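Accompanying notes for the structure given below.
The values are calculated or read from the model by the stated rules, or taken from the named source; none is laboratory data. Computed from a predicted model, the values in this text were never measured in an experiment. Neighbour counts run over all protein chains shown; Cβ positions are idealised from the backbone, glycine included.
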Amino acid sequence: MPVKLWQRDSQGKYTSRVVTVWDRPLGGEEYRAQAEELDQRLDDVLDDALARLESVKNVDANIRFKRIWCVGRSVRESGILHLTALRTERRALLWRAMAWKCWLGTRHDFKVGSDPETRWRTLRSSAQPETKNKKGGVRDLFETGFWLQQQELADAVFTFGGRVSNVREIDSRTSINSPAMRTALNSWLKALPAEHRELAHRSSNFEKIAKNLRARWPDRGFGAARRPEHQEPEELLDEVHEVLDPLVMKITER
Amino acid sequence: MTVPDNTQPSSYQSTSTNMVHLIESIITGYKMGAIRALAQEPVQNSKDAKRSSIAKIEYRLHQRTLADGYPSHMLTITDSGTSGLGGPILNDEEIDKRGGVLNPGEDWSAFEGQGYTKANQDALGSRGQGKSASLYHSYARGTGQRRMVMLYDTLLPDGEYRLGVRYASPRDTVRRPPYLDETARELVSADAFTIDEGLGLEYLLKLNPLTTVGTRVIMPYLSSEAVEAFNNYELAKWLQMLWWRAIQVGEIEISLVDTHGASRKIGVPKWWRSQFWNASSTDENQYVKTNIYLKSDPNLKIKRLALQYDENLEAHQHLYDQSEPEYDGIQIMRGLQWIETLGAKQEYSQQVPEERRAGFRGFVEFERDLDRELRSAEYERPQHDSYNRRKGLIREIRDELASCVKEFSERQGWVDEDVHQEDASERERQIASRALSVLVNPPKGKSAGSGNDHGGTAWGLDIQVDYPNPKTTRVDWGQKLSRIYVRCQTEPKRDHGSVTLKIMSVDPDNKRQEIATKRAYLGEDGAASAEFGDLLVMIGKSDQQHMSCPGKGKYRLYATVSDAGTDLKRASRAVYVQEDPPEPPDKKTITLSVKVSNLEDPERARINNGERLRVDVSVKNRSDQDAVLHMNASLVASELPPNLVPGIDAPISLSLATKKKIKINGIERSGEPPVVKQLISKPVRLFNDIPDSTISQAYLVASPGTHDLHVNIYGEHMGEEIKISTSRRIHFEVDPPGNAGKMPFELIRQETTDESREAAPIWRLESPEKSDASYPLYYSPQHHIYRIAERADKNAKTLSEGANAVIREIIADAYLDWMHEAHRTGDDSRYDTILERSDQAENLRWRRLAEQVEEFQRMSDSEDIETERLAELRRQIVANLVCVFEEAEA
């Protein structure tokens, strides 16, 4: 990639450095021009996400859920992923750069005496961003949001009950995180009575839903060769019913 | 012959030295190439000449258009914070008078000289590597003969300015005295600089004169190799690898400035940036040991060894050659300069397992006395790129480091303390590798029976026979094999010419007897056929109506098609004389075979962007009942390129078959080989981005890395539930670990210090930790058979004797286990290597081997396993494999 990573030192001074996930003898600095261009584009992305978040304030969903969806959608619509700088890198660095921009409120032309853009903080959790990529393959919230926005917000809220933890249950399981499966899951939930659906959306139950789906569509071993995206939508929905109906029966019996 | 002119008095004169050859020989002496020399020598000179707290070195690339319009590049290497090239300007005679020794501070003469030593300096660094590295990369135009040019200017603390010129044409020539002060300044900045009237070279230096004390080396006519290395950052990578430690402690600063003026500083590799050795680190993945005293001399000590393991690190991409370790091991830093690396693979294979090597990094540095000692020519090569490992001091340092690495490794839980492992000796590895090659790599070129002729035509052959009893291949003496019909088919169709069709019998001991030969003409359908009538099975001699079968057992009726005396294809039918053929197996009646091959280069496992792989999937029915099953197959990308959204921009997987119905017949009569049906035979292209044009072939977009092909077969057959699953790992734009992808095993010698384990079996095959790695095949050199064989090595006359013979036996035995391991899960892909190979082989040993392998499979899958027969078969297969290895060696 190279991305421009804003930071603030112990004296409170704002600095930036250009980083890349690939090891370069000159550091990421050799790509500063591209990183600056990206940094400027990210200002627009974050402003757009803010406006988008404002426009969905009446949607009944957790604020974390809405903001990651909004940021993801703004990234997608901005087209920044097609910049040359981002073609060969991992997205994790982009998310880190965005998180730091939100945290510090630094626009691309930020100078001493400038006012930080404090409104961007509402796009990210209140914790200071990580300085390194998370270990153990935990995805950044923005990555989850980028995945989440593949559905329209209303559909996404309906599928996941407006809960980020439910989103992660499906997103982290690669064999069941295709749009085809999400559509099927959405249809299955629609067929449930409202009170059953509410029970299904509880985190502990949604985890079971994800696990049962993954057992049916594993990512290795027997069954791995047939992916949800290769099935006809009706057939897939039938199988989702087959897998989840008994489970929801069990949940509602308790 | 020229007659000497005796009228002139003779005198002794310096002979002409071919400087070009000398420089080429110096630079080619660098183990890791000329770019390393360019990154190493000038910086080393500047660092040695440092007079302030930090020496700054700038590599700057300039673009020039010469008077004739020819574009050229020039490299300048400028230092500051150094003393400049001072001292008197001595000529050769003056230096000779001093016995070739220069005094400290006589830097100008030292730089211009070749092979002289300073009074306070050891022999290293005086062969003129610095200027050789600069001259080497200059290709002066004209004449067709290699010529090299360099200039160097220096500003001294007293304000004196010097500009020197040196060229090799090929004679070594230096301008003496150099240009001085204002003349030097004017020439450096002039539009045109005539290097030497006689040389016919004029160059546009157009440089600003130096304004701070220091030295600048100017390399006009820069070689394209050096320009490319500058622009593609190879030079920067070498600079980092060599000098990161000196940069980290603030001794030097190196920057590169490109032709647009963009300046970049060389940094420290990210894994060493934290300098964890300066803090009391509690990270178990980091290891620091300081002040390690050498036993041989307590005045000498290793200052610091730092090791770390980071699972997130990618395997180091070598700049020069895989065999020469760079970051991938312990970097030896002498005088803050990287000299060489003790490789994780080459030096610490016992302590650092293969799968950990990518994330393993280390460096060692020495206290002043040991550092100085190591700098001497006794230990270090003049090229400063390696040490003489035969020297006791070096051996001692290596031993100390090895024990530290062992401690680190044990702490990490990588090695068992009681077990001593190492890669097999090179000779044993070669023996194993050659043996496995016979099985894994099909023979190159066209071999008899391969089914392909020199014209690229593929030949198919079929032999049809009516048995006396249509349900079995059993034939008793006096019974007939009727209506024998042989048909060959060509693809692409060849509709002219004739071929020879032949039938013969092969007895249980592989002895052949020819029965009949017929000439047949290829028709419009590309086929030729012949009827051979009936054959009476009897004890007597074979002829056109009789097949001689003097004893009971399994015979074969063989057919061949040949053209111009060359066998093109063979086919056969089993004939069980006076006995019933074995019953089909009860278990594993249906098996799967999957093969993924690189269509661009069959011997390369790695698939590069845009290349095609071929997926072949077949199913085998060994029962006598037809089967109806279903299949799913897909190629799944573990990750899409970062700019693509899975399922929206591009699919994450490619379906090759979804619930595909498969009908496969059972064998017609007992004793016949399994029925094989090809299910998928499809090329697939891999891309790392959405391809620009429409691709008619199947393709998958994926990020560089490993991706998987999954194949599942399911259904019910003979009352048994069939659920077969197999997968293959695809390496897209990355290489498989170690020799995986080429060889199934990695041979590892394993000794144990635990006495109770000495009676362990001679070999042991384990499943690899990662699915795409080779299987570790451990053998014990403590086993008595191996020990005896090793002793016999002293008298061995051929490669087949001694411990080599044991290694071959182990390979053969383990190969059978390896094949059978997959068969247990219904995957016959490994067994098929033997069967395919036997189809291509000329001698009947392979056919026999294939039959034995098939029988071994069948027997092991039968309800009532005949243990003794199975063990005997195993021994026969192993013996045959060893013969195959030996024949290949011969």
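On the stretch given as the range A:86-113, residues that are facing another protein chain (nearest Cβ under 10 Å) and part of a helix (DSSP H, G or I) total 5. Cβ-Cβ contacts under 8 Å between residues 6 or more apart (or on different chains), taken from a first residue in the range B:64-83 that is under 17 Å from B:Ser189 (Cβ atoms) to a second residue that is of a type in the set (Val, Ile, Thr) and in a strand (DSSP E or B), are listed as B:Met74/B:Ile218; B:Thr76/B:Val217; B:Thr76/B:Ile218; B:Thr78/B:Ile57; B:Thr78/B:Thr215; B:Thr78/B:Val217. For B:Val615, the stated conditions hold: it is among the β-branched types (Val, Ile, Thr) and within 14 Å of chain A (Cβ to nearest Cβ).
One line per residue, one yes/no per condition, for (1) among the hydrophobic types (A, V, I, L, M, F, W, C); (2) closer than 29 Å to B:Gln852 by Cα; (3) in contact (Cβ under 8 Å) with a residue 60 or more places away in the chain:
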{"position": "B:Leu501", "(1), (2), (3)": "yes, yes, yes"}
{"position": "B:Met504", "(1), (2), (3)": "yes, yes, no"}
{"position": "B:Ala516", "(1), (2), (3)": "yes, yes, no"}
{"position": "B:Arg519", "(1), (2), (3)": "no, no, no"}
{"position": "B:Ser529", "(1), (2), (3)": "no, no, no"}
{"position": "B:Leu535", "(1), (2), (3)": "yes, yes, no"}
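Here B:Leu187, B:Leu151, B:Leu205, B:Leu135 are screened, and the one residue that is in a loop (DSSP other than H, G, I, E, B) and buried (at least 18 other Cβ atoms within 10 Å of the Cβ) is B:Leu205. Go through the range A:46-62 residue by residue and tally those that are closer than 22 Å to A:Leu94 by Cα and touching a residue at least 40 places away in the same chain (Cβ under 8 Å). Number of matching residues: 4.
Give the residues of the range B:705-721 that are in contact (Cβ under 8 Å) with a residue 24 or more places away in the chain and within 13 Å of chain A (Cβ to nearest Cβ), sorted by residue number. Residues satisfying the conditions are B:Gly705, B:Thr706, B:His707, B:Asp708, B:Leu709, B:His710, B:Val711, B:Asn712, B:Ile713, B:Tyr714, B:Gly715.
Taking the criterion of being surrounded by 15 or more Cβ atoms within 10 Å (Cβ to Cβ) and more than 25 Å from B:Ala279 (Cα to Cα), the residues of the range B:297-321 that qualify are B:His316, B:Leu319, B:Tyr320. Of all positions in the range A:58-78, at least one carries a residue that is of a type in the set (Ser, Thr, Tyr) and at pLDDT below 95. The single residue among B:Arg622, B:Arg669, B:Arg614 that is over 30 Å from B:Glu721 (Cβ atoms) and among the charged types (D, E, K, R) turns out to be B:Arg614.
The residue list B:Arg264, B:Arg273 contains one member that is surrounded by fewer than 16 Cβ atoms within 10 Å (Cβ to Cβ) and within 26 Å of A:Gly28 (Cα to Cα), which is B:Arg273. Just one of the numbered conditions (1) aliphatic (A, V, I, L, M); (2) within 14 Å of chain B (Cβ to nearest Cβ); (3) more than 22 Å from A:Phe146 (Cβ to Cβ) is not true of A:Ala194: (2). Of the residues making up the range B:208-230, just one is surrounded by fewer than 15 Cβ atoms within 10 Å (Cβ to Cβ) and among the small types (Gly, Ala, Ser), namely B:Ser224.
Residues in the range B:647-663 that are more than 7 Å from chain A (Cβ to nearest Cβ) and either in contact (Cβ under 8 Å) with a residue 60 or more places away in the chain or under 29 Å from B:Glu733 (Cα atoms) (or both): B:Asp649, B:Ala650, B:Leu654, B:Leu656, B:Ala657. Does the range B:79-91 contain any residue that is out of contact with any strand residue (DSSP E or B) (no Cβ under 7 Å at 6 or more places or on another chain), at pLDDT 85 or above, over 29 Å from B:Lys265 (Cα atoms) and of a type in the set (A, V, I, L, M, F, W, C)? Yes, because at least one residue in the range B:79-91 is out of contact with any strand residue (DSSP E or B) (no Cβ under 7 Å at 6 or more places or on another chain), at pLDDT 85 or above, over 29 Å from B:Lys265 (Cα atoms) and of a type in the set (A, V, I, L, M, F, W, C).
When the residues of the range A:197-226 are filtered to those that are touching an Asp or Glu at 6+ places or on another chain (Cβ under 9 Å) and over 24 Å from A:Gly162 (Cα atoms), the one that is farthest from the other protein chains (Cβ to nearest Cβ) is A:Arg216.
Against the conditions (1) in a loop (DSSP other than H, G, I, E, B); (2) over 34 Å from the mean Cα position of the chain (by Cα); (3) at the interface with chain A (Cβ under 10 Å from one of its Cβ atoms), B:His630 satisfies every one except (1). Inside the range B:683-704, residues that are away from every other protein chain (no Cβ under 11 Å), loosely packed, with under 15 Cβ neighbours inside 10 Å and either in a strand (DSSP E or B) or β-branched (Val, Ile, Thr) (or both) make up a count of 3.
List the strands (runs of 3 or more DSSP E) that sit entirely inside the range B:271-365 and contain at least 3 residues that are free of Cβ contacts under 8 Å to residues at least 12 places away in the same chain. Counting at least 3 such residues, we get no strands (runs of 3 or more DSSP E) at all.
Each residue in the range B:231-276 was checked for being among the aliphatic types (A, V, I, L, M) and away from every other protein chain (no Cβ under 12 Å), and 3 of them qualify.
Candidates B:Ser670, B:Ser725: the one that is within 12 Å of another protein chain (Cβ to nearest Cβ), among the polar types (S, T, N, Q) and surrounded by 18 or more Cβ atoms within 10 Å (Cβ to Cβ) is B:Ser725. Can you tell me which condition B:Ile195 does not meet? The list is (1) surrounded by fewer than 13 Cβ atoms within 10 Å (Cβ to Cβ); (2) within 15 Å of B:Leu66 (Cβ to Cβ); (3) β-branched (Val, Ile, Thr), and all the others hold. With (1) surrounded by fewer than 13 Cβ atoms within 10 Å (Cβ to Cβ); (2) within 15 Å of B:Leu66 (Cβ to Cβ); (3) β-branched (Val, Ile, Thr) applied to B:Ile195, the lone miss is (1).
Kindly indicate whether B:Ala435 is modelled with pLDDT of 80 or more, in a helix (DSSP H, G or I), farther than 19 Å from B:Thr341 by Cα and not hydroxyl-bearing (Ser, Thr, Tyr). Taking the combined requirement at face value, the residue satisfies it. Every listed requirement among (1) within 12 Å of chain B (Cβ to nearest Cβ); (2) closer than 20 Å to A:Glu143 by Cα; (3) surrounded by 18 or more Cβ atoms within 10 Å (Cβ to Cβ) is met by A:Arg32 save one, (2).
Beta carbons closer than 7 Å, at least 6 apart along the sequence or on distinct chains, never pair a first residue in the range B:568-582 that is at positive phi with a second that is part of a loop (DSSP other than H, G, I, E, B) and crowded, with 21+ Cβ neighbours inside 10 Å. Looking at this structure, is B:Val268 assigned to a strand (DSSP E or B), within 16 Å of B:Gly362 (Cβ to Cβ), of a type in the set (Val, Ile, Thr) and under 34 Å from the mean Cα position of the chain (by Cα)? Answer is no for this residue. Criterion applied to A:Ile170, A:Ile176 was being more than 11 Å from every other protein chain (Cβ to nearest Cβ), over 16 Å from A:Val157 (Cα atoms) and among the β-branched types (Val, Ile, Thr), and the one residue passing it is A:Ile176. What residue, of B:Glu751, B:Glu721, is assigned to a strand (DSSP E or B) and modelled with pLDDT under 80? Result: B:Glu751 is the single residue among B:Glu751, B:Glu721 that is assigned to a strand (DSSP E or B) and modelled with pLDDT under 80.
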